[in-house]
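Readers should treat all values here as calculations from the given coordinates under stated rules, not as data from a laboratory. Worth saying up front: this structure is predicted, and the values here are computed from it rather than measured. Cβ atoms come from the backbone with ideal geometry, glycine included; neighbour counts cover every protein chain shown.
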Amino acid sequence: MMIAAVISLCFIISANAEETVSINSLVDDAETYDNQKVTVEGEAIGEVLERGDYAWVNINDGTNAIGIWMKTSDAEIIKYFGDYKHVGDTVRITGVFSRNCTEHGGDVDIHSVAIEIVKTGRAVQDEISDAKIVIAVVLLCTAALITLIYLKITKNKKQ
């Protein structure tokens, strides 16, 4: 009896959870999702592009990227944006998808109504592999050897 109650509770909770849609699905099936409330999840990338009380934030879910139009105050909760030195915050955005937004010149976008930080981003350091160091040293030595041989040959020709 207890197991049945737990399973029922799981179904109730999962039925209430908003299903995330991949950005690629939105782009591929834009007509179906047009003007619909959707939830997407992805890494915040680039930077905040502030436009007064509102801002653009781009997110990438690994399938594609899309611009999110949100209140500047909502954008301020994002601390890390993905670039060469950072992994951006993973955000869950709920908003209205537009395949041809009249407010923004016909662009594909999402107008956010809710934002949640799912995972905090971080700074990253790329370590140089030992193989790359060895290759660089070998190439440096080869270049030096070729230069010395060239200088010796040209010196001998002048004499």
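Filtering segment 30-64 down to residues that are polar (S, T, N, Q) and over 18 Å from residue 106 (Cα atoms), which residue is farthest from the chain's Cα centre (by Cα)?
Per the criteria, the residue is 39.
Looking at segment 29-55, I want the residues that are in contact (Cβ under 8 Å) with a residue 24 or more places away in the chain and have a partner that is acidic (Asp, Glu) and part of a strand (DSSP E or B) with Cβ atoms under 8 Å, at least 6 apart or on another chain. Which pairs are those?
Note: pairs meeting the criteria are 45/83; 46/83.
Look through segment 71-92, keep the residues that are within 22 Å of residue 22 (Cβ to Cβ) and among the small types (Gly, Ala, Ser), and return whichever of them is surrounded by the most Cβ atoms within 10 Å (Cβ to Cβ).
Taking the candidates together, the pick is 88.
Somewhere in segment 51-63, is a residue out of contact with any helix residue (DSSP H, G or I) (no Cβ under 9 Å at 6 or more places or on another chain) and among the aliphatic types (A, V, I, L, M)?
The answer is no, given that none of the residues of segment 51-63 is out of contact with any helix residue (DSSP H, G or I) (no Cβ under 9 Å at 6 or more places or on another chain) and among the aliphatic types (A, V, I, L, M).
Just to verify a result, which residue in segment 114-159, among those that are part of a helix (DSSP H, G or I) and under 32 Å from the mean Cα position of the chain (by Cα), is nearest to residue 97 (Cα to Cα)?
132
If you take the residues in segment 49-64 that are among the aliphatic types (A, V, I, L, M) and over 15 Å from residue 88 (Cα atoms), which one is surrounded by the fewest Cβ atoms within 10 Å (Cβ to Cβ)?
49
Sort out which residues of segment 66-123 are free of Cβ contacts under 8 Å to residues at least 24 places away in the same chain and among the aromatic types (Phe, Trp, Tyr), and write them in order of number.
Of everything in segment 66-123, just one residue is free of Cβ contacts under 8 Å to residues at least 24 places away in the same chain and among the aromatic types (Phe, Trp, Tyr), namely 84.
Considering only strands (runs of 3 or more DSSP E) fully contained in segment 51-106, which possess at least 2 residues that are among the basic types (Lys, Arg)?
Hits in segment 51-106: 90-101.
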